[in-house]
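Here is the structure we will look at.
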Amino acid sequence: MVSRLAASIAPSETFAIDQKAKQLAAQGRSIINFSIGEPDFQTPERVKEATITAVKGNRTKYAPVAGIQELKQAVCDKLVQENKLEYQPENIVVSNGAKQSLYNALLAIANSGDEIIVIAPYWSTYAEQVKLCRAKPVIVQSNDFSLPLGEIKISKRTKAIIINSPNNPTGAVYSKKQLEELGELAVKHQIHIISDEIYEKIIYDEQHYSIGSFSEDIKKLTITINGLSKSYAMTGYRVGYAAAAKELAQAMQKIQSQTTSGINTMAQYAALEAMKTPPSKDMVAEFRKRRDIIYAHLKQIDGIAVDLPKGAFYIFPDVSKLLSGRTIQEFSEYLLEKANIAVVPGPAFGRTANIRFSYALAAEKIEEGISRMQEALK
Ligand code: PLP
């Protein structure tokens, strides 16, 4: 019999829909898959080579729990140069993707019953991981997708707030002013900030700010999470990292030592190679082109309300006017059946009126997919 905790967790809907879309495609259906958040670019050749070199050089044994020293140093160099965050290798914990970094962070700070504020629309994993820590996600809705500072209520049980800018699923980018105000709020109430910055490089006209860089007081409370999945097209390598005050980093390291040990050694050498140069600007230029295409096409559909994403590779239109009595899940299933397009229904992100498209696919596919949707809605 499974535990109450296991029973209370929702599985990743994105992965489930992606699998279904792939199964249908394998059966011969021409599915356009807007579900999964995975760059369709290939891992850079030099990174693949570094992986092979690591294997051939017998770097195939256990690595230190928090990561090899060179990689932790590379992360520190990146954080100081690009994010104005000064850390030492002892502040860094390398994990199996940003997803595990986030889980380590929550396990390191949350006691049973603590409240963790999650801004909706949110990346589904946040709420489920909070529950896995036997803490309570407190969902704060943002109507315009910006940081809803006025809505955030800190209680005696509030332990932390999770933020994600550029945002999955909305593509919103939080302004410097809003982040500064949030930082002040966190310092005033002494709550932690978990800042998921995995999409920092996939940003169009705005600038990315790391909230921990604003002051020493904010930095002490902040756990900055990032990884190589999106920026270097390395989703399968599973390399993410957290940067935090020494006490928190040590707690995360201890947790990891009893869960997975250090991450895959070859993947760490590959990550080290990847971080020698910044992510490809071509990839961002291509995402911008696709963002413009999907936005323009969706806007043309009567009944859809959509905001222009400022970063990441998702768009999250409001389709409530098109539901005609259907739930958003039924609407999404209809799109899969009738238009052969796979999208993720909003409830996975804390919203019942929206659907999420990942536009990490070729421009022609995006155009074809949206015109199929338009047809199916006639
Ligand atoms: N954070 C956000 C907001 C994401 O969208 C994702 C992946 O979809 C991750 C973290 C996880 O990335 P990783 O592959 O490094 O675990």
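The values are calculated or read from the model by the stated rules, or taken from the named source; none is laboratory data. Note that the coordinates shown come from a computational prediction; the quantities given were computed from them, not determined experimentally. Counting neighbours? That spans all protein chains shown, and the Cβs are built from the backbone with ideal geometry, glycine included.
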### Query
Which condition number does Glu128 fail, the rest of (1) in a loop (DSSP other than H, G, I, E, B); (2) within 15 Å of the ligand (Cβ to nearest atom); (3) surrounded by fewer than 19 Cβ atoms within 10 Å (Cβ to Cβ) being met?
(1)
### Query
Can you spot a residue in segment 14-30 that is more than 16 Å from the ligand (Cβ to nearest atom), of a type in the set (D, E, K, R), at pLDDT 95 or above and over 30 Å from Pro137 (Cα atoms)?
no
### Query
Given the residues Leu228, Leu179, which is the only one that is more than 13 Å from the ligand (Cβ to nearest atom), among the hydrophobic types (A, V, I, L, M, F, W, C) and touching a residue at least 12 places away in the same chain (Cβ under 8 Å)?
Leu179
### Task
Would you please name the residue that is surrounded by the most Cβ atoms within 10 Å (Cβ to Cβ), looking only at residues in segment 21-58 that are among the basic types (Lys, Arg) and within 23 Å of Ile294 (Cα to Cα)?
Lys22
### Query
within 19 Å of Phe357 (Cα to Cα) and either among the hydroxyl-bearing types (Ser, Thr, Tyr) or in a loop (DSSP other than H, G, I, E, B) (or both) - does that describe any residue in segment 149-166?
yes
### Task
Scan segment 310-319 and give yes if some residue there is touching a helix residue (DSSP H, G or I) at 6+ places or on another chain (Cβ under 8 Å), at pLDDT 95 or above and farther than 26 Å from Tyr126 by Cβ, otherwise no.
no
### Task
Report whether or not Lys99 is within 12 Å of the ligand (Cβ to nearest atom) and of a type outside the set (Gly, Ala, Ser).
yes
### Query
Out of Gly67, Gly28, which single residue is touching a strand residue (DSSP E or B) at 6+ places or on another chain (Cβ under 9 Å) and on the phi > 0 side of the Ramachandran plot?
Gly67
### Query
Pairs, please: C-beta under 6 Å, at least 6 apart or cross-chain, first residue assigned by TED's automatic domain parsing to the domain that holds Ala105 and in segment 118-143, second in a strand (DSSP E or B) and acidic (Asp, Glu)?
Lys136/Glu115; Val138/Glu115
## Note on the structure
Note: among Leu336, Leu272, Leu322, just one is within 23 Å of the chain's Cα centre (by Cα), more than 18 Å from Ser124 (Cβ to Cβ) and either crowded, with 17+ Cβ neighbours inside 10 Å or modelled with pLDDT of 95 or more (or both), namely Leu272
### Query
Restricting attention to segment 158-173, does a residue exist that is under 16 Å from Leu85 (Cβ atoms) and within 16 Å of the ligand (Cβ to nearest atom)?
yes
### Message
Among (1) assigned to a helix (DSSP H, G or I); (2) more than 23 Å from Lys99 (Cα to Cα); (3) polar (S, T, N, Q), there is one condition Gln19 misses while meeting the rest; what is its number?
### Response
(2)
### Query
Only one of Ser146, Ser142 is more than 16 Å from the ligand (Cβ to nearest atom), of a type in the set (Ser, Thr, Tyr) and under 20 Å from the mean Cα position of the chain (by Cα); which?
Ser146
#### Entry: In segment 173-211, the residues that are small (Gly, Ala, Ser), buried (at least 18 other Cβ atoms within 10 Å of the Cβ) and over 16 Å from the mean Cα position of the chain (by Cα)
Gly183, Ala186
### Message
Considering only segment 67-82, I want to know if a residue exists there that is exposed (fewer than 13 other Cβ atoms within 10 Å of the Cβ) and part of a loop (DSSP other than H, G, I, E, B).
### Response
no
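The rows are residues; the columns are (1) modelled with pLDDT under 95; (2) within 30 Å of Lys220 (Cβ to Cβ); (3) small (Gly, Ala, Ser).
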position	(1), (2), (3)
Met1	yes, no, no
Ser8	yes, no, yes
Pro11	yes, no, no
Phe41	yes, no, no
Arg59	no, no, no
Ile68	no, yes, no
Lys78	no, yes, no
Gln88	no, yes, no
Lys99	no, yes, no
